[in-house]
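Heads up, the thing below is written out as structure tokens.
What follows is calculated from the coordinates using simple rules that are stated; it is not laboratory data. These numbers come from a predicted model, not from an experiment. Reconstructed Cβ throughout: ideal geometry from the backbone, glycine too, with neighbour counts over all protein chains shown.
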Amino acid sequence: MVLRKANTTAELGDQFALLVSGVVDYAIFMLDPAGRIVTWNEGAQRIKGYEAEEIIGRHFSVFYPAADTRIRKPDWELEVAKRDGRYEEEGWRIRKDGSRFWANVVITALRDETGRLRGFGKVTRDLTDRKAREDARNAEHAREEARLRSHANRMAELEQTKTQFLNIASHELRGPLTVIRGYNSMLQDGAIPMDQIPAVARLLESKLAQMDRLVEQMLETARLEHDTFDVFRQRFDLGDVTQEQIDVFRPLTTDHRFTLESDGTPMLVEGDRARIATVVANLIDNAVKYSPQGGEVACTVRNLGSEVVMTVRDEGIGIAPEHMAMLFTRFGRLPTDENVSIPGTGLGLFLCREIAARHGGEITVKSTPGVGSEFTLTLPAAN
Ligand SMILES: Nc1ncnc2c1ncn2[C@@H]1O[C@H](COP(=O)(O)OP(=O)(O)OP(=O)(O)O)[C@@H](O)[C@H]1O
Ligand SMILES: [Mg+2]
């Protein structure tokens with residue numbers, strides 16, 4: 001475009017029109033008082049996609065999304081410009097090809113010296129890129145916020161776990177400690193006859209084992225929390241482990257009969273033998289504990305080809321359907337009368353399920369209240 005020095009107002013007007021027509025970054029055009037397009041510039045063509053010939057004479061509402069034209073927003077904007085002299089907003093507009101762009105729009109009412117409305121000037125900028133950047137930034141902020149929030153929630157959760165830990169630890173450790181202290185002072189006083197000392201020693205041993213077990217469970221839970229739970233991998237026979245654990249429990253109760261059913265083939269799995277032994281031990285421990293009237297504790301081990309499956313069935317108090325969801329949660333002891341009188345921390349099954357999961361396996365349960373429960377440990381077979 002060539003601009004010369006203007007000598008008259010008319011020439012100035014011509015040059016200004018030329019300037020406007022060449023602007024490419026802004027759509028600058030005029031509307032008649034009814035909203036029909038009367039001029040068009042390079043920028044308008046570039047941003048909106050229409051040639052001057054095809055758009056001049058049409059109503060400017062073609063640039064608006066259908067939802068806006070339905071509520072007559074374009075007309076309303078002209079009304080505001082007429083009333084206030086100016087209307088400005090950012091919003092979605094539609095290109096000729098139907099695509100959307102994010103626009104900054106200024107509509108100015110144009111009046112002659114007598115104040116009569118001659119039409120409107122409209123300046124539109126395409127801010128789609130800026131909006132996309134802003135949206136991306138906002139999304140990033142939202143993500144960051146969500147990250148911080150989840151971190152804060154996790155900290156609160158850990159804090160709560162810690163408190164639970166301390167409460168349970170003090171409560172659960174105090175029981176056996178009281179027994180040990182009591183017998184110790186009787187020993188100091190010489191109040192226990194010589195011949196009863198071996199029996200007392202066995203009792204103290206079992207209390208110490210209870211404390212050991214609790215400390216070990218708490219350490220395991222803490223390791224899980226902090227993801228420092230390293231699983232030691234070794235190949236072993238799940239049938240052997242089950243037999244060993246039955247042998248551990250058998251002398252501890254006279255009310256229960258233990259059975260192990262297996263077809264005698266190897267039941268090889270791969271993983272942390274000591275931890276899987278803990279899982280089996282807790283399932284048997286529960287079967288015994290939660291069948292206070294005694295009965296059969298029936299174990300089976302089967303090799304299903306890709307899986308090895310171990311079950312422990314008892315004839316105990318059973319579990320109500322509405323309590324199933326609580327079983328495997330941390331400190332998830334059931335709020336029943338029988339439970340209150342049976343010692344436990346509620347960490348056993350939580351740890352069992354975690355350990356099984358970290359071996360690619362799982363623990364499931366079937367139970368009928370008053371009849372008994374069956375817990376199933378499934379592990380991938382070693383190949
Ligand atoms: N065989 C079972 N029969 C009936 N209820 C059971 C049985 N096994 C578990 N439960 C219920 O599930 C709860 C959770 O068991 P879990 O082994 O996790 O904890 P716990 O035995 O109470 O304590 P511990 O941490 O010493 O094992 C128990 O408190 C008990 O109410
Ligand atoms: Mg238990």
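Points worth noting:
- Highest average packing first - 249-255, 83-89, Cβ atoms within 10 Å: 83-89, 249-255
- For the chain, adding -39500 (n - 2.57) for each run of n ≥ 4 DSSP H residues and dividing by the number of residues yields -15000 deg cm²/dmol at 222 nm.
- Taking other Cβ atoms within 10 Å as a rough exposure proxy, 61, 341, 367 sort from fewest to most as 341, 61, 367.
- GluC sites (Glu not before Pro) restricted to DSSP loop in the range 110-179 with at most 15 other C-beta within 10 Å: 113
- Trypsin sites (Lys or Arg not before Pro) restricted to DSSP loop in the range 95-142 with at most 15 other C-beta within 10 Å: 95, 96, 116
- Over the chain, relative contact order from alpha-carbon pairs under 8 Å, at least 6 apart, %: 10
- Considering the range 234-380, its Cα convex hull presents a mean projected area of 8.1 nm².
- The range 13-79: relative contact order as a whole-number percent, Cα under 8 Å and 6+ apart: 25
- Relative contact order of the range 279-349: 29 percent, from C-alpha pairs under 8 Å at least 6 residues apart in sequence.
- With an a/c value of 1.5 or above and a/b larger than b/c for the gyration tensor axes a ≥ b ≥ c computed over the alpha-carbon atoms, the chain is described as prolate.
- Using θ = phi - 60° in the Karplus curve 6.51 cos²θ - 1.76 cosθ + 1.60, the 3J(HN,Hα) couplings for the range 308-314 round to 10, 10, 10, 10, 10, 10, 10 Hz; x is entered for Gly and Pro.
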